[in-house]
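Visitor: I'd like to ask some things about the structure below.
The values are calculated or read from the model by the stated rules, or taken from the named source; none is laboratory data. Source: prediction; values computed, not measured. Quick reminder, even Gly has a Cβ in these numbers, built from the backbone with ideal geometry, and neighbours come from all protein chains shown. These area figures cover heavy atoms from the full protein model, side chains too; ligands, DNA and RNA do not enter into them. Shrake-Rupley method; radii C 1.70, N 1.55, O 1.52, S 1.80 Å.
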Amino acid sequence: MQTKQKLSEDQISFFDIFGFLYFPGLLSDRIDQITEEFESVWREYGGGHSGETHDGTQRSALVPFPDRSEYLSSLLDDQRVHDTVSSLCGEDFNYTSGDGNLYVGDTQWHSDGYNTRPVSSIKMAFYLDPVTHDAGALRVIPGSHRVGGPFAESLQKTFVRKDPSTGH
């Protein structure tokens, strides 16, 4: 059984300031099974728009994703995941949803749930393919998570496309 290992004060401060943390190899002992389960769910449910398979020309996504696999759902109980999330969100945190994605090309900068959630939330992502600066690495704009702050508000107004049908 794994022992509890909460984030350090330095890690929590870094997250508060920059809006992200990076844990290379956090679940390296489980990555092969995670990858197998991802591929199994993808095959069974046909991720993407209208259930088609991923053809490599555009991003494909399946929501919910981990909920479709007992093994992937069990990751919430892995002490490393639990302790990371509870260090940031408190012991009474709730899992709300997860998604599976196959990306193609660059993704436009966006914030996840900016200014739409009444409670604090985080997104924990697992990258199953190797990523580098030039090929698929997540890019974060430090400070963009500070809802209501002048910098974050400016980013929202400048970079986030609005849906022309709703204006949101």
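Visitor: Excluding ligands and nucleic acids, what accessible area in Å² is computed for residue 41 using a 1.4 Å probe, to the nearest 10?
Guide: Looks like 10 Å² after rounding.
Visitor: Please give the solvent-accessible surface of residue 68 in Å², to the nearest 10, using a probe radius of 1.4 Å with every protein chain present.
Guide: About 80 Å², ignoring ligands and nucleic acids.
Visitor: Then there's this: Ignoring any ligand, DNA or RNA, what whole percent of the accessible area of the chain comes from carbon and sulfur when the probe is 1.4 angstrom?
Guide: Details: 6280 of 11940 Å².
C and S fraction of accessible area: 53 percent.
Visitor: How large are Rg and Dmax for segment 79-128 when only the alpha carbon atoms are used, in Å?
Guide: 13.1, 37
Visitor: Right, another one. Using a Gaussian network model on the chain with a 10 Å cutoff between Cα atoms, which of 14, 23, 65 fluctuates the most?
Guide: Most flexible of the set in this elastic network: 23.
Visitor: Mind checking the per residue accessible area of the chain for me, 1.4 Å probe, whole number of Å²? Numbers along the way, then the final one.
Guide: Numbers: 11940 Å² over 168 residues.
Computed with neighbouring chains in place, this is 71 Å² per residue.
Visitor: Also, quick follow-up: Just how large is the dipole of the chain about the Cα centre, in debye to the nearest 20, putting +1 at every Lys and Arg Cβ and -1 at every Asp and Glu Cβ? Present the calculation step by step, with values, prior to reporting the outcome.
Guide: Values: 14 positive and 25 negative charges, 146 e Å.
Using only the charged Cβ atoms, the result is roughly 700 debye.
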